[in-house]
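Scroll down for the structure; my scribbles are underneath it.
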Amino acid sequence: MPQGVPAPGTVPQDGLTTRQRRNLPVLAVHTGPGKGKSTAAFGMALRAWNQGFDVGVFQFVKSAKWKVGEEAAFRTLGELHESTGVGGAVEWHKMGEGWSWTRKKGSDVDHAEAAAEGWQEIARRIEQQSHRFYVLDEFTYPLKWGWVDVAEVVDVLTHRPGNQHVVITGRDAPRELIEAADLVTEMAKVKHPMDAGRKGQRGIEW
């Protein structure tokens, strides 16, 4: 299995062995105007699940009533883990009424307050090392809109304990987050079916 080779002259003089450096936790950001940011993040989460990692998914903008295909698949994988021990545990939460730790209903929750509550719960989980792999889906938007403090997020993520991987998706990722991340991918649109008047369809968008 190819594991990649660092470019010449890029190996830091940090006193770590190759194995130690390879096992450092990763903060990844998928941003840009193109399609596929969340899809790529869920692909990473699938690999993490296969390695037996505990996976936590937190969706920040999509409606709590919107049933996406990845959610159904990962809930099934979580049930498989519970019944057989294969893979890792899975939790999936959506902003508003989807936050399992709050009793507020989506119609009564201010979006900014819900996003702030979601982030505070994630920060607590990171401190407690509750998951091995986190997907913060569409999380760049609460940061962009000022609902969640960027500096606080960067501080929590850069000082997270243990070996917790985090991937964040969404357009317009803040510069501070990009600078703090280990892996940043910008999705650029070349063509999209909607440009030709075609709507989303089953198996592609959901």
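The values are calculated or read from the model by the stated rules, or taken from the named source; none is laboratory data. As the structure is a computational prediction, the values presented were derived from the model and not from experiment. For neighbour counting, all protein chains shown are included, and Cβ atoms are generated from backbone atoms with ideal geometry for every residue, glycine included. Calculation scope for accessible area: heavy atoms of the full protein, side chains included, ligands and nucleic acids excluded. Shrake-Rupley method; radii C 1.70, N 1.55, O 1.52, S 1.80 Å.
Could you calculate the contour length gain from Leu183 to Glu79, that is, 0.36 nm times the residue separation minus the distance between their Cα atoms, to one decimal place in nm?
Here the segment from Leu183 to Glu79 would lengthen by 34.4 nm.
Within the set of other residues whose C-beta is less than 11 Å from the C-beta of Met187, count the net charge using Lys and Arg as +1 and Asp and Glu as -1.
Working: positive: Lys35, Lys37, Arg171, Lys189; negative: Glu186.
Net local charge, Met187 excluded: +3.
With mean projected area of the Cα convex hull in nm² defined as stated, name the option among (1) 11.6; (2) 14.0; (3) 10.9 computed from the structure displayed.
Correct label is (2).
Lys and Arg at +1, Asp and Glu at -1: add these up for the other residues within a Cβ distance under 11 Å of Gly78 and post the number. Write out the running numbers ahead of the final one.
Working: positive: Arg75; negative: Asp54, Glu71, Glu79, Glu82, Glu91.
So the surrounding residues net to -4.
Going Cα to Cα from Lys94, which aspartates and glutamates come in below 12 Å? Please leave out same-chain ones fewer than 8 positions away.
Of all the aspartates and glutamates, those that pass the test against Lys94 - Cα under 12 Å, at least 8 places apart if same chain - are Glu71, Glu117, Asp137, Glu138.
What is the helix-to-structure angle for 111-128, meaning the angle in degrees between its Cα long axis and the longest Cα principal axis of the chain, kept from 0 to 90 and rounded to the nearest 10?
Taking the Cα atoms of the chain, the angle to 111-128 is about 30 degrees.
Over the chain, what is the relative contact order in whole percent, taking alpha-carbon pairs under 8 Å and six or more residues apart?
Reported relative contact order: 33 percent.
Expressed as an acute angle from 0 to 90° and rounded to the nearest 10, what is the orientation of the C-alpha long axis of helix 37-50 relative to the principal long axis of the chain?
Tilt of helix 37-50: around 60 degrees.
Got a number for carbon plus sulfur as a percent of the chain's accessible area, 1.4 Å probe?
52 percent
Which order, highest average first, do 36-46, 73-83 follow once you tally other Cβ atoms within 10 Å for each residue and take the mean per peptide?
The peptides rank, most packed first, as 36-46, 73-83.
Tilt of helix 69-84 relative to the longest C-alpha principal axis of the chain, in degrees (0 to 90, nearest 10)?
Approximately 70 degrees, to the nearest ten.
Counting only heavy atoms of the protein chains, get the accessible area per residue of the chain (1.4 Å probe) and round it to a whole Å² value.
On a per-residue basis, 59 Å².
What is the packing order of peptides 134-143, 23-32, 191-200, taking the mean over residues of other C-beta atoms within 10 Å and listing the highest first?
Result, highest mean Cβ count within 10 Å first: 134-143, 23-32, 191-200.
Using 0.36 nm per residue, how much length does the chain from Val26 to Thr39 gain when fully extended, once their Cα-Cα distance is taken away?
2.9 nm
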